[in-house]
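Some notes on the structure that comes next.
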Amino acid sequence: MSEVDAPPEPLLQELEEFLESHPETRFMDVFAADINGIVRGKRLPQEDFEKPFEKGANFCAATTLMNTRGEAAERLQYGAHDGDPDIRSVAVPGSLVPVPWASVPTAQCLLELQEFDGTPYFLDPRNVLRKAMQPFRDMGLTPVMATELEFYLIDYDGDTFVPRHPKIAGSDWDQLGVQFGSFDDLDDVEPFLVDLDNFCRVQNIPAGAALAEYSPGQFEVNLQHVDDPVLACDHAILLKRAVKAAAKKNGLAATFMAKPFAEHAGSGLHIHVSLVDEDGNNVFAGESEHGPWSDTLRHAIGGLAEAMPESMAVFAPNANSYRRYAPGFFVPATPNWGPNHRDLALRIPVSGDDARRVEHRVSGADACPFLVVAAILAGMHHGITNRCEPGPMTREREDVDYEVTLPIRWDQALDRFEAGSILKPYFGDEFHRVYGVAKREESDMFHAEITDRDYEWYLRAV
């Protein structure tokens, strides 16, 4: 076979097959997630479609380090003081899908970031997660995981942002109360949920159950378990994009802020994770003196508890993140653990042996899924290899006093992150340093702002 007749490379073939099925495609959105889990990229015209599928497209290297306002960190060399160089971006296999909410035929695909010599770009959160996964691969173990994301649908009442309250049928009266698990609340936003389901089906996002959560206007969507943590996190950031698009289509807005309303529950990113060996056996299954799970699970929980203080800057990456940690809303502030108990940071859900797992309940919905899971896997591997003990177990139905032992203020969390020793080898020394510097600068910028609350509390009184 001549070079001219040679079959296309798999990525290019994926593009060709997509365009055969969707020849009317006019634009393509290509993007990667930054350290806040916000997708950033560009919209390509038809003549540039092949670039990320062939030799790779240029991509601004500092994009992954932007703060939530889309600004480069002045205290870092990257972007601000190195000439803002490009790196190479390549399409993630299998991620090319239509954008069903676009006004003209549009596609989208995820990007993975590389140096021009093909080595993984160490500041790409996807690559940080891959690095953190490698020790388990070396042990012949595969993490199986899924995410649960909570969010609010919000309205603007002419003065401020408010949760999208359900209405009493036949009236404009707000339905008061939490109404957890209400089907009326789901019915009230049925057009949004139908659009979201359609979007997820078109984009191969394995969305499962939808639930009216513990506050008005708050919902949760569960994603299905997969045996690739990177793919599970891809699903999470794609779900966020789809949720916001479905909300906009229905005249609403959606937010994944950790605590958008002081009087209502915060929004979390809960991670369910188990480990299987090369024969597909769940190594968390078994029996121990504590319950129907293995010592391996107990040690994994011990490592998660030990790593949690220095991981808080990842689980709670923004100023608003720390407003979520408060009693009465099932948001733990100490690394407690046990079976079937939602007041705990590390919960063992009711399941059979095949699905024995730990649910990590500390992270906010505003966090970057790739970095959250990297920190979780780091803690689990640390615990298993060092046979860490998690401390006393909380029994099912046991009354739990709200206890604060974790750093639940931003600067305290950054102090623990920077001084920590567990995460650094899993994240990589330079990424660990860079993340701390970038977040410290963002914290300093936020706390330097003079807000309306300053004037309300102090301007006249003092």
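The values are calculated or read from the model by the stated rules, or taken from the named source; none is laboratory data. Computed from a predicted structure; not experimentally measured. With ideal geometry, Cβ positions are generated from the backbone for all residues, glycine too; neighbour counts draw on all protein chains shown. The accessibility values were calculated without ligands, DNA or RNA, using every heavy atom of the protein model including side chains. Shrake-Rupley method; radii C 1.70, N 1.55, O 1.52, S 1.80 Å.
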Residues with amide H under 5 Å from that of Met28, placed H, sequence gap 5 or more: Leu44, Ala107
Restraint check, Lys51/Lys249; Lys131/Lys439; Lys167/Lys240; Lys131/Lys424; Lys249/Lys439; Lys244/Lys424, Cα-Cα greater than 23 Å: Lys51/Lys249; Lys167/Lys240; Lys249/Lys439; Lys244/Lys424
Binned Cα-Cα distances of segment 1-143, short to long, each 10 Å bin given as a whole percent: 11, 34, 32, 19, 4, 0
Full-stretch length increase - Glu115, Glu20 - with 0.36 nm per residue and alpha-carbon distance subtracted: 31.1 nm
Förster-model FRET efficiency, 51 Å R0, Asn386 and Asp174, C-beta, rounded to 0.05: 0.45
Table column - 3J(HN,Hα) (Hz), segment 260-277, Karplus curve with 6.51, -1.76, 1.60, x for Gly and Pro: x, 9, 4, 7, 10, 5, x, 10, x, 10, 9, 10, 9, 9, 10, 10, 10, 8
Net charge contributed by nearby residues that have their C-beta within less than 15 Å of Ile38 (K/R +1, D/E -1): +1
Share of alpha-carbon pairs per 10 Å distance bin for segment 39-83, given as whole %: 23, 41, 29, 7
Added length on full extension, which subtracts the Cα-Cα distance from 0.36 nm per residue, Asp157 to Asp444: 100.2 nm
Probe 1.4 Å, protein heavy atoms only - accessible area per residue of segment 364-462 in square angstrom: 55
Mean Cβ count within 10 Å, highest first, over the residues of peptides 77-90, 54-67: 54-67, 77-90
Extension gain (nm, one decimal) between Gln412 and Arg460, 0.36 nm per residue minus Cα-Cα: 14.2 nm
Relative packing of 343-350, 305-312, 225-232, which averages over residues the other C-beta atoms within 10 Å, highest first: 305-312, 343-350, 225-232
Estimated Rh, the chain: Kirkwood, alpha-carbon pairs, angstrom: 23.4
Cβ-derived FRET efficiency at R0 35 Å, Gln77 paired with Asn198, nearest 0.05: 0.20
Lys167/Glu54 FRET efficiency (R0 51 Å; Cβ-Cβ; nearest 0.05): 0.45
Accessible solvent surface per residue of segment 1-139, calculated while the other protein chains remain in place, 1.4 angstrom probe, Å²: 51
Solvent accessible area, Å² - Val404, 1.4 Å probe, full protein context: 80
Inter-site label distance for Ala253 and Ala419 at 7 Å from Cα along Cβ, in nm: 3.9
Spin-label zone in segment 344-361 - amide nitrogen under 17 Å from a point set 7 Å from the Cα of Asp401 along the C-beta vector: 344
18 Å reach of a label modelled at Glu430, 7 Å along Cα-to-Cβ, counting backbone N of segment 123-139: 123-132
Accessible surface of segment 332-460 [probe 1.4 Å, protein heavy atoms]: carbon and sulfur percent: 46
Integer Hz, Karplus 6.51/-1.76/1.60 couplings in order for segment 428-435, x for Gly and Pro: x, 4, 6, 4, 4, 5, 5, 4
The chain: calculated mean residue ellipticity at 222 nm from DSSP helix runs of at least 4, using -39500 (n - 2.57): -9500 deg cm²/dmol
³J(HN,Hα) computed for each position of segment 65-77 - Karplus, 6.51 cos²θ - 1.76 cosθ + 1.60, integer Hz, glycine/proline x: 9, 4, 7, 5, 8, x, 10, 6, 7, 5, 7, 10, 5
Size of electric dipole in the chain: Cβ of Lys, Arg +1 and of Asp, Glu -1, about Cα centre, debye, nearest 20: 800
Built amide H within the under 5 Å cut-off of Val97, gap 5+: Gln108
Apportionment of accessible area to carbon and sulfur, segment 282-327, percent (1.4 Å): 47
Built amide H within the under 5 Å cut-off of Ala333, gap 5+: Glu403
The chain, relative contact order in percent, only Cα pairs under 8 angstrom and at least six apart counted: 15
